[in-house]
Amino acid sequence: MKNNEVQMGALYAGFAYFLWGILPVYWKLVDHVQADEILANRIFWSFFFMLIILLASKKWNAFAATLKGFKTNKKQLFALVIASILISTNWFLYIWAVNTDQMIEASLGYYINPLVSVILGMLVFKEKLSPAQYVSFGFAFAGVMILTVSYGWFPWIAIVLALSFGLYGLAKKLIKVDSAIGLTLETLVVTPLAFIYMVMLFMNDKQAFLHVSISTDLLLIGAGAATAVPLLYFAKGAQKIPMSMLGFLQYIAPTITLILGIFVYHEHFTKLHMLSFMFIWLALTIYSVSRTKLFAHRETKLKRGKGIGI
């Protein structure tokens with residue numbers, strides 16, 4: 001793999017995670033709109049934005065062929081429906097959390113997500129974990145329990161965000177299509193429901209779209225691009241860089257969100273929050289290092305009895 005390709009891949013993926021990190025700022029601009037209406041608009045306009053992208057990138061024939069393929073492959077169709085429901089749930093909860101001043105807990109969810117994905121891989125695909133990865137889960141569990149015990153409530157927003165996105169990734173493994181086509185298909189499944197909901201709001205005169213201001217209308221329409229653009233950059237980057245590098249880059253987004261929550265939107269961040277996050281960060285450091293080639297090579301040598309002290 002050429003160095004310039006890796007550098008470009010890192011820039012693309014890093015930019016995608018940067019955009020995801022600052023996405024809460026976008027949702028804050030429409031926090032006067034109910035989260036359910038924001039979600040409906042996000043789904044609806046994402047679908048039409050992705051149709052334009054498919055036409056511009058000459059992927060329409062591939063999209064149509066994939067649609068036809070679902071007639072005979074019911075397993076993939078089921079996985080698509082499940083993926084659509086999971087990502088819609090994730091989007092709604094994230095928007096609601098940001099606009100109800102719970103950005104810190106939302107960022108915690110995306111810190112935990114990589115560890116949840118590994119647990120799902122272990123349970124579903126019988127993947128084996130290294131001792132270092134077991135240790136990382138212990139620290140992550142301790143971090144979550146600190147919040148649970150000290151505050152008397154379970155950080156359900158973080159856990160549901162992590163689980164929904166982890167399960168979404170699991171469903172996506174069964175739908176092996178181009179990322180742009182995949183997002184178009186996922187939004188296609190739920191767009192009819194989103195449209196019906198928008199019509200119901202309109203009929204009951206409860207909608208913000210076309211009712212509050214032109215700026216609100218443009219922001220709601222722009223939610224489609226705000227959803228699709230980071231994903232497209234991520235797809236371009238992920239193809240060019242190693243998984244270990246991608247693993248480190250993915251922490252850019254929740255870190256930016258955490259910083260925004262504390263320093264820009266002044267959410268309450270206590271010493272116990274800091275202690276909990278320190279456990280999570282330690283867990284992620286151990287987990288990320290355990291995925292590097294150097295660590296894997298060292299662990300292989302130890303297993304063969306060639307390690308230090310053997």
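Every test in (1) under 22 Å from residue 288 (Cα atoms); (2) of a type outside the set (Asp, Glu); (3) modelled with pLDDT of 85 or more is passed by residue 160 save one, and that test is (1).
Within segment 98-134, the set of residues being open to solvent by 20 Å² or more (accessible area, probe 1.4 Å), modelled with pLDDT under 80 and not in a helix (DSSP H, G or I) comprises 125, 126, 127, 128, 129. May I ask you to verify whether residue 165 is under 29 Å from residue 47 (Cβ atoms) and either without any contact (Cβ under 8 Å) to a residue 24 or more places away in the chain or of a type in the set (Phe, Trp, Tyr) (or both)? For residue 165, the condition - under 29 Å from residue 47 (Cβ atoms) and either without any contact (Cβ under 8 Å) to a residue 24 or more places away in the chain or of a type in the set (Phe, Trp, Tyr) (or both) - is met. Evaluating residue 138 against the criteria (1) more than 24 Å from residue 89 (Cα to Cα); (2) surrounded by fewer than 17 Cβ atoms within 10 Å (Cβ to Cβ); (3) modelled with pLDDT under 85 leaves one unmet condition, (3). Take the residues in segment 126-174 that are closer than 18 Å to residue 85 by Cβ and basic (Lys, Arg), then tell me which one is nearest to the chain's Cα centre (by Cα). Residue satisfying both the conditions and the ranking: 172.
Filter segment 196-240 for residues that are of a type in the set (Val, Ile, Thr) and either open to solvent by 70 Å² or more (accessible area, probe 1.4 Å) or at pLDDT 95 or above (or both) and give the result. Steps first, please.
Let us first name the residues in segment 196-240 that are of a type in the set (Val, Ile, Thr), namely 196, 199, 212, 214, 216, 221, 227, 229.
The answer is 196, 199, 212, 214, 216, 221.
Taking segment 152-183 as the search range and keeping residues that are of a type in the set (Val, Ile, Thr) and assigned to a helix (DSSP H, G or I), which one is nearest to residue 238 (Cα to Cα)? Residue satisfying both the conditions and the ranking: 181. For segment 272-292, indicate whether the set of residues that are under 23 Å from residue 112 (Cβ atoms) and in a loop (DSSP other than H, G, I, E, B) is non-empty. Yes, segment 272-292 contains at least one residue that is under 23 Å from residue 112 (Cβ atoms) and in a loop (DSSP other than H, G, I, E, B). For first residues located in segment 22-44 and assigned to a loop (DSSP other than H, G, I, E, B), partners that are surrounded by fewer than 16 Cβ atoms within 10 Å (Cβ to Cβ) and lie 6+ apart or on another chain with Cβ distances below 8 Å form the pairs 32/212; 33/212. Any chance segment 241-255 includes a residue that's out of contact with any Pro (no Cβ under 8 Å at 6 or more places or on another chain), part of a helix (DSSP H, G or I), within 25 Å of residue 43 (Cβ to Cβ) and of a type in the set (Ser, Thr, Tyr)? Within segment 241-255 (the criterion being out of contact with any Pro (no Cβ under 8 Å at 6 or more places or on another chain), part of a helix (DSSP H, G or I), within 25 Å of residue 43 (Cβ to Cβ) and of a type in the set (Ser, Thr, Tyr)), the answer is no, since none of the residues qualifies. From the set of residues in segment 209-240 that are of a type in the set (Val, Ile, Thr) and in contact (Cβ under 8 Å) with a residue 24 or more places away in the chain, which is farthest from residue 87 (Cα to Cα)? Only one residue fits best here, namely 212. Taking only segment 241-287 into account, find how many residues are open to solvent by 70 Å² or more (accessible area, probe 1.4 Å), out of contact with any helix residue (DSSP H, G or I) (no Cβ under 6 Å at 6 or more places or on another chain), in contact (Cβ under 8 Å) with a residue 24 or more places away in the chain and of a type in the set (Phe, Trp, Tyr). Total satisfying the criteria: 1.
For segment 54-91, filtering for residues that are hydroxyl-bearing (Ser, Thr, Tyr) and open to solvent by 70 Å² or more (accessible area, probe 1.4 Å) leaves 1.
Residue 154 - would you say it is within 23 Å of residue 90 (Cβ to Cβ) and open to solvent by 60 Å² or more (accessible area, probe 1.4 Å)?
yes
The values are calculated or read from the model by the stated rules, or taken from the named source; none is laboratory data. Source: prediction; values computed, not measured. Neighbour counts are summed over all protein chains in view; Cβ atoms, including those assigned to glycine, are modelled from backbone coordinates with ideal geometry. For accessibility, only protein heavy atoms count, side chains too; no ligands or nucleic acids. Shrake-Rupley method; radii C 1.70, N 1.55, O 1.52, S 1.80 Å.
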